[in-house]
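Just so it is clear, none of the values below were taken in a lab; they were calculated from the coordinates. Everything numeric in this text was worked out from a predicted model, so none of it was measured. No Cβ is skipped: glycine too gets one built from the backbone with ideal geometry, and neighbour counts run over all protein chains shown.
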Amino acid sequence: MTIRLGVNVDHVATLRNARGEAYPDPLEAARLAIASGADGITIHLREDRRHIRDSDVFLVRAGIDRPLNFEMAATNEMLNIALEAMPNACCIVPEKRTEVTTEGGLDVIGQHNSLRPIVARLRAAGIRVSLFIDPDPAQLVASAEIGAGIVELHTGAYAHGKDGELARLQAAARQCTELKLECHAGHGLNFANVAPIAAIPEVMELNIGHFLIAQAVFDGLGPAVQQMKSLMLAARA
Ligand code: PXP
C-alpha cells in the first residue's frame, strides 16, 4: 500500500499576512506543491485567522484538482464554513488561541458529546472526517466509537525525540486496523525524521507543513516537496 503526502500551506499565508500584501499566495503554493508530488493540500482556518482566511478556503477549494483537507476546531462556526466549502476531508483539531501550533491531540473521550454531532453532520454531507489525536489506545477506541472513520496521529512528541514515541505510534497504527480506522499522521515531520513514520505500513497519509515551507526558503517549494515525497516512498518501499 502506498502513502500520500498532504502539504499544509498555512505558513505561506503567515508570510503573506506579515506584510499585509497579496503575496505569497497560498493557492499558488498549493498548485506548485501538487505539481511537485503532493497528493492533497491541507489548510487550517484558525479561530483567530492568523494565517488562512475564509476567502483562502474557497479559493484553494476551487483552484486545485486534488483533495482538500480542512483542519478545523469543533465549533459551529467552523462546521458551517466546512459545509459551505465542502472540502474532501475535515480534520478536527483542538485549538487554543494562545498556542503557537496545535499542541497535543483532541480529547475525544472527554468531548464525546460535543464531537459526535459535528462528525455526524460532516459525514452526512459526504465529507471524510479525521480526528487529530495522540497515539493513545483509549482515544483511538473513542474515535472509532463516534464514527470518525479516520484518525491523524500527532507526531509532535516523536519529532521532539520523546523516548518510546515511535513504538507508541506503531502500536496505534496497528490498533487502527483492528478498529477499522484509516490511519494518518503528522506534525513536526522533516527530512531527518520522516522515514520511520512513513515506514509504518498502516499509515496512509502524512500531513506536513512548517518544515516544507521553511525549506522552501532555501530549496524552493517544488524541490522541497519532491524530496519529501521521495523520502516517504523510499521508506515505504
Ligand atoms: N496535522 C495537523 C492536524 C496539524 O494541525 C498540523 C499543524 O498545523 C500538521 C499536521 C502539520 O504540522 P507541521 O506544520 O509541523 O508539519
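Just give me the residues in the stretch 1-23 being assigned to a loop (DSSP other than H, G, I, E, B) and away from the ligand (no atom under 16 Å from the Cβ), in sequence order. Spell out how you get there, then give the answer.
Step one: of the stretch 1-23, the residues assigned to a loop (DSSP other than H, G, I, E, B) are 1-3, 9, 20-23.
Correct list: Met1, Thr2, Gly20, Glu21, Ala22, Tyr23.
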- Note on the structure: Just one listed residue, out of Ala224, Ala172, Ala235, is touching a helix residue (DSSP H, G or I) at 6+ places or on another chain (Cβ under 8 Å) and under 27 Å from Leu45 (Cα atoms), and it is Ala224
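For the stretch 164-192, what are the residues that are away from the ligand (no atom under 11 Å from the Cβ) and over 16 Å from Ala144 (Cβ atoms)? Spell out how you get there, then give the answer.
Pass one, the stretch 164-192, residues away from the ligand (no atom under 11 Å from the Cβ): 164-183, 191-192.
Hits for the stretch 164-192 are Gly164, Glu165, Leu166, Ala167, Arg168, Leu169, Gln170, Phe191, Ala192.
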- Task: Identify all residues within the stretch 118-149 that are of a type in the set (Val, Ile, Thr) and out of contact with any Lys or Arg (no Cβ under 6 Å at 6 or more places or on another chain); write none if there are none.
- Result: Ile118, Val119, Ile127, Ile133, Val141
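Name every residue in the stretch 10-22 that is of a type outside the set (Asp, Glu) and closer than 20 Å to Pro223 by Cα, in order of residue number.
Filtering the stretch 10-22 down to residues of a type outside the set (Asp, Glu) leaves 11-20, 22.
Residues satisfying the conditions are His11, Val12, Ala13, Leu15.
When the residues of the stretch 193-215 are filtered to those that are without any contact (Cβ under 8 Å) to a residue 40 or more places away in the chain and within 13 Å of the ligand (Cβ to nearest atom), which remaining residue is nearest to the chain's Cα centre (by Cα)?
Just the residues of the stretch 193-215 that are without any contact (Cβ under 8 Å) to a residue 40 or more places away in the chain, to begin with: 193, 196, 199-200, 202, 211, 215.
Still in the list and also within 13 Å of the ligand (Cβ to nearest atom): 193, 211, 215.
Numbers: Asn193: 17, Phe211: 13, Gln215: 18 Å.
Per the stated criteria, the residue is Phe211.
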